[in-house]
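Structure first, commentary second.
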Amino acid sequence: MTIFPSLQRPAILSRRRREPSLMLSVLLGVVLWGMTGVASSRVRAQEPPETAPPELTTLIQGIEAAANRQDVAGVMAFYSQEFTTTDGLDRRSYEQVLTQLWQDYSNISYQTKLQSWQQDGSAIMATTVTEITGTQQFGGREFQLSSSITSQQRVENQKVVQQEVLAERNQLTSGEKPPTVTLSVPEQVKAGQEYSIDAIVEEPLGNEIMIGTAIEERVTPRAYLTDFPLELEFLASGGVFKLGTAPNTPGNNWISAILMRPGGITLVTQRLKIVER
């Protein structure tokens, strides 16, 4: 699945502006698909979606239909009692995050496409791409959500037993003219490695004031449900440019950039994979 956190109401502008809470990727990092990469000599070559067995197609369609109804019980019926994700979620915490997401986004829709599949003994490993759109009303503002999640899942006995998010990009916008932001970060770095975070505003600023920041956050079960403080600063250029440092242990980070101008707000999050040196 993939789930995003909610964007809290901005505080009053000051020289350093604090955003009480912001977790863009935290509530979308769980909303429809993912799996753990399980190596096995029984795994066959990747197969095209057209050749997928009917039970896999039915499973994907069933999860998508239940998600579009915001039917938590209906979605979880397709997940094993032993279900886990590589982000550290189990079935109970996964359901909790999904419930919170749908409380925040009453208008949300999912479209999932099977990218490829392969047989692993009696199990099936499926790679999918899920597009998510939705809206949220908060503090008198309407926020538009757009997310694209590539993930892999292991299916046994027509139940999802494991998930891993392979790639993730989430965006929240609000206002009549939210800035168009291109977030440039690597897909993968080594533990302890420095890397560049560039969040570039495509439109010319002219005389407009721009504030914003970029942050790094470790993907953990707690992070899916915990808000964190932000300090937004006045920006002298058309974006945010900084160096990040990967943790010393492998895992995943969310890299988020928020930029605000008089015409609107844009928050973009991408997933960064940290591998061993």
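Output the residues belonging to segment 200-210 that are charged (D, E, K, R) and in contact (Cβ under 8 Å) with a residue 24 or more places away in the chain. Break it down stepwise before answering.
So in segment 200-210, the residues charged (D, E, K, R) come out as 202-203, 208.
Answer for segment 200-210, where residues must be charged (D, E, K, R) and in contact (Cβ under 8 Å) with a residue 24 or more places away in the chain: Glu203, Glu208.
Could you check segment 114-145 and list, in sequence order, the residues that are farther than 14 Å from Phe78 by Cβ, more than 17 Å from the chain's Cα centre (by Cα) and not small (Gly, Ala, Ser)?
Leu114, Gln115, Trp117, Gln118, Gln119, Asp120, Met125, Gln137, Phe138, Arg141, Glu142
Just to be sure I understand, how many residues within segment 69-91 are of a type in the set (S, T, N, Q) and surrounded by fewer than 14 Cβ atoms within 10 Å (Cβ to Cβ)? I'd like the intermediate steps shown before the answer.
The first filter runs over segment 69-91 and keeps only residues of a type in the set (S, T, N, Q), leaving 70, 80-81, 84-86.
Cutting the leftovers down to surrounded by fewer than 14 Cβ atoms within 10 Å (Cβ to Cβ) gives us 81.
The total comes to 1.
Within segment 208-227, can one find any residue that is at pLDDT below 95, among the aromatic types (Phe, Trp, Tyr) and surrounded by fewer than 19 Cβ atoms within 10 Å (Cβ to Cβ)?
For segment 208-227, residues at pLDDT below 95, among the aromatic types (Phe, Trp, Tyr) and surrounded by fewer than 19 Cβ atoms within 10 Å (Cβ to Cβ): absent.
Take segment 228-245 and flag every residue that is modelled with pLDDT under 90 and among the hydroxyl-bearing types (Ser, Thr, Tyr).
Passing the criteria: only Ser237.
Does Glu233 satisfy being exposed (fewer than 15 other Cβ atoms within 10 Å of the Cβ) and outside any loop (DSSP other than H, G, I, E, B)? Spell out how you get there, then give the answer.
Values: exposed (fewer than 15 other Cβ atoms within 10 Å of the Cβ): yes; outside any loop (DSSP other than H, G, I, E, B): yes.
Yes: the conditions hold for Glu233.
Residue by residue, here is whether (1) polar (S, T, N, Q); (2) touching a helix residue (DSSP H, G or I) at 6+ places or on another chain (Cβ under 6 Å); (3) closer than 26 Å to Val275 by Cβ holds:
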site	(1), (2), (3)
Ile209	no, no, no
Glu216	no, no, yes
Pro221	no, yes, yes
Tyr224	no, yes, yes
Glu231	no, no, no
Phe234	no, no, no
Gly238	no, no, no
Leu243	no, no, yes
Asn248	yes, no, yes
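Of the residues in segment 77-115, how many are under 29 Å from Pro48 (Cα atoms), among the acidic types (Asp, Glu) and part of a strand (DSSP E or B)?
Going through segment 77-115 one residue at a time, the tally reaches 1.
List the pairs whose first member sits in segment 183-199 and is of a type in the set (Ser, Thr, Tyr), whose second member is part of a loop (DSSP other than H, G, I, E, B) and at pLDDT 95 or above, and whose Cβ atoms are under 7 Å apart, counting only residues at least 6 apart or on separate chains?
These pairs meet every condition: Tyr195/Val185; Tyr195/Pro186; Tyr195/Ala246.
Could you go through segment 164-179 and let me know if any residue there is without any contact (Cβ under 8 Å) to a residue 40 or more places away in the chain and more than 30 Å from Ile209 (Cβ to Cβ). Talk me through it step by step, then tell me what you get.
Filtering segment 164-179 down to residues without any contact (Cβ under 8 Å) to a residue 40 or more places away in the chain leaves none.
No, segment 164-179 contains no residue that is without any contact (Cβ under 8 Å) to a residue 40 or more places away in the chain and more than 30 Å from Ile209 (Cβ to Cβ).
May I ask you to list the residues in segment 241-267 that are hydrophobic (A, V, I, L, M, F, W, C), crowded, with 23+ Cβ neighbours inside 10 Å and under 30 Å from Asn207 (Cβ atoms)?
Those that are hydrophobic (A, V, I, L, M, F, W, C), crowded, with 23+ Cβ neighbours inside 10 Å and under 30 Å from Asn207 (Cβ atoms): Ala257, Ile258, Leu259, Met260, Leu267.
Among residues belonging to segment 42-76 that are in contact (Cβ under 8 Å) with a residue 60 or more places away in the chain and part of a loop (DSSP other than H, G, I, E, B), point out the one that is farthest from the chain's Cα centre (by Cα).
In this case the residue turns out to be Arg42.
(1) modelled with pLDDT under 95; (2) farther than 21 Å from Ser184 by Cβ; (3) out of contact with any Lys or Arg (no Cβ under 6 Å at 6 or more places or on another chain): which one isn't true of Asn248, the others all being true?
(1)
Identify the residue in segment 146-172 that is hydroxyl-bearing (Ser, Thr, Tyr) and within 9 Å of the chain's Cα centre (by Cα) and, among all such residues, is farthest from Ser256 (Cα to Cα). Break it down into steps so the answer makes sense when it comes.
As a first pass, look at segment 146-172 and keep what is hydroxyl-bearing (Ser, Thr, Tyr): 146-148, 150-151.
With the extra rule that they be within 9 Å of the chain's Cα centre (by Cα), the set shrinks to 147-148.
Numbers: Ser147: 13, Ser148: 15 Å.
In this case the residue turns out to be Ser148.
Give the residues of segment 196-207 that are surrounded by fewer than 17 Cβ atoms within 10 Å (Cβ to Cβ) and either among the hydrophobic types (A, V, I, L, M, F, W, C) or in contact with a strand residue (DSSP E or B) (Cβ under 8 Å, 6 or more places away or on another chain) (or both), sorted by residue number. It would help to see each step written out before you state the result.
Step one: of segment 196-207, the residues surrounded by fewer than 17 Cβ atoms within 10 Å (Cβ to Cβ) are 196, 198, 202-207.
Passing the criteria: Ser196, Asp198, Glu202, Leu205.
Could we say that Tyr94 is aromatic (Phe, Trp, Tyr) and within 14 Å of Val75 (Cβ to Cβ) here? Before the answer, list the steps.
Working: aromatic (Phe, Trp, Tyr): yes; within 14 Å of Val75 (Cβ to Cβ): yes.
So Tyr94 passes the test.
To keep it simple, each residue is scored yes or no on (1) over 16 Å from the mean Cα position of the chain (by Cα); (2) under 30 Å from Leu89 (Cα atoms).
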position	(1), (2)
Arg222	no, yes
Glu231	yes, yes
Gly239	yes, no
Leu243	yes, yes
Pro262	yes, no
Arg277	yes, yes
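So Gly175 passes all but one of these: (1) surrounded by 19 or more Cβ atoms within 10 Å (Cβ to Cβ); (2) farther than 26 Å from Met76 by Cβ; (3) over 14 Å from the mean Cα position of the chain (by Cα). Which condition number does it fail?
All conditions are met except number (1).
The values are calculated or read from the model by the stated rules, or taken from the named source; none is laboratory data. All of these numbers come straight from a predicted model, not from anything done at the bench. Please note: Cβ atoms are built from the backbone with ideal geometry, for glycine as well, and neighbour counts cover all protein chains shown.
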